[in-house]
Amino acid sequence: AAAGGHQEVLPKVPGYLEVEIDKLQARLVRRPKRAEVPVTCEVQLVVEYYAAR
């Protein structure tokens, strides 16, 4: 299924993951660094929000 002819459209696998497309499995091989994980928020704003409570 996933190992078919559409692998070129799959996102790039980060270095901290090991992916087996044919088995539809993924494994975390190491703890990612903060810079490697895409964040969709401002971390500092979250810290400030919870620090004020």
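Below, the figures for the structure above:
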item	result
Whole-percent pair-distance distribution, where bins are 5 Å wide, for the alpha carbons of the chain	4, 15, 17, 16, 14, 12, 8, 7, 4, 2, 0
Within the chain: Cβ-based charge dipole about Cα centre, in debye rounded to nearest 20 (Lys, Arg +1; Asp, Glu -1)	260
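Read-outs throughout are calculated quantities, based only on the coordinates presented, and are distinct from any laboratory measurement. Computed from a prediction, not measured in an experiment: that's the story for all the values here. Counting neighbours? That spans all protein chains shown, and the Cβs are built from the backbone with ideal geometry, glycine included.
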